[in-house]
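Novice: Just passing along the structure, written as structure tokens.
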Amino acid sequence: MPFINYVTKTIAIKIVYYGPGLSGKTTNLRYIFYKLDSAYRGELVCLETDTDRTYFFDLLPIRAGMIGEFKVHFQLMSVPGQVFYEASRKSVLRGADGIIFVADSQIPLLDANLESFDGLRRNCLQHDIDLMKIPLVFQYNKRDLNYLIPVETFNNLLNPRRCPWVEAVAVNGVGVFESLREISKLTVPVVREKLFGEKPRQEPDASQLSARDLDDLRGKGREEGEAGPGQMTKVKVKSQGAIEDELDKLSKAYVDK
Ligand SMILES: Nc1nc2c(ncn2[C@@H]2O[C@H](COP(=O)(O)OP(=O)(O)OP(=O)(O)O)[C@@H](O)[C@H]2O)c(=O)[nH]1
Ligand SMILES: [Mg+2]
């Protein structure tokens, strides 16, 4: 459910980047962070354990225009893809308004993609999220490499609903904003319905507001080119409970501004 603050007139739409380890989820967030002027985004925050190695999630809040008199923020979060971090993936997924499934297009990683998607299905079930209904976009990433899984195969195996899909080279920014735009087109009408009782419409321009705003945002970013390393804030946590507290705190901190 989107987080709506009627006092500060802000709405937070939570978008989760999900997918197997090393598929490029964090790369998406880094690229967006680097491209957007700091007026349009918060910090890129990264949670890690005492060992300095184990990442739980990344969070990047960005501003994206208005719905009525409400300011819209997208909370972009990426889960850790490695099999070991199932509990973190589950926590991050809680309350998601939309999901971008970042798949790794390399043929040897087909099973890893399928397993990750199965995990997503399982975790959605546990959070009462209906994977057949929640806004979902597929990003088929690493299209710059050789020996690629054909898009048709991906769609047949992962995407029978024929949700929007984007071919991407996230490391160069290709498809990164397009994926964000697709998910905003799906999530914004749901928020409008919640706020104003408007039924999502079928016309192609039903959710142009956010799509246009995202294009504007991109215009306000830096020149095209490769994303730099970007800076990150690192937060130490010790337990699963602490992760969930931190998640709540971080999600609200930016929205309440
Ligand atoms: N060739 C190529 N490499 C990419 C692309 N996108 C990301 N990478 C590289 O893949 C590696 C992993 O990227 P990350 O963004 O850290 O992957 P992740 O999905 O966040 O990984 P986990 O946090 O372990 O789940 C990095 O070395 C990236 O530079 C791409 O489109 N093409
Ligand atoms: Mg990552």
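Bear in mind that the values in this text are calculations on the coordinates, not laboratory data. Worth saying up front: this structure is predicted, and the values here are computed from it rather than measured. Note: ideal-geometry Cβ built from the backbone for every residue, glycine included; neighbour counts use all protein chains shown.
Novice: Enumerate by residue number the trypsin sites (Lys or Arg not before Pro) in region 150-191 meeting two conditions: DSSP loop (anything except H, G, I, E, B), and at most 16 other Cβ atoms within 10 Å of the site's Cβ. Intermediate values should be presented prior to the final figure.
Specialist: Numbers: sites: Arg161, Arg162, Arg181, Lys185; in loops: Arg161, Arg162.
Listed in order of number, the matching sites are Arg161, Arg162.
Novice: Using alpha carbon centroids, what distance separates region 19-43 and region 64-104, in Å?
Specialist: That distance is 12 Å.
Novice: Something else about it: Against the empirical 2.2 N^0.38 Å scaling, what ratio does the C-alpha Rg of region 84-156 come to?
Specialist: 1.16
Novice: Follow-up question, since we're still on this one. Ranked from highest to lowest mean number of other Cβ atoms within 10 Å per residue, what is the order of the peptides 23-29, 187-193?
Specialist: The densest-packed peptide leads the list: 23-29, 187-193.
Novice: Along each of its three principal axes, how wide is the spread of alpha-carbon positions in region 128-172, in whole angstrom units, largest first?
Specialist: 37, 22, 15
Novice: Which far-off residues, 5 or more places away or on another chain, put their amide H under 5 Å from the one on Gly65, with H placed in the peptide plane?
Specialist: Under 5 Å from the amide H of Gly65 lie the amide H atoms of Val72, each far enough along the sequence or on another chain.
Novice: For region 1-92, which chymotrypsin sites (Phe, Trp or Tyr not before Pro) are both in a DSSP coil and crowded by at most 16 other Cβ atoms within 10 Å? Let's see the in-between values first.
Specialist: Numbers: sites: Phe3, Tyr6, Tyr17, Tyr18, Tyr31, Phe33, Tyr34, Tyr40, Tyr55, Phe56, Phe57, Phe70, Phe74, Phe84, Tyr85; in loops: Tyr6.
Passing both the DSSP loop test and the Cβ count: Tyr6.
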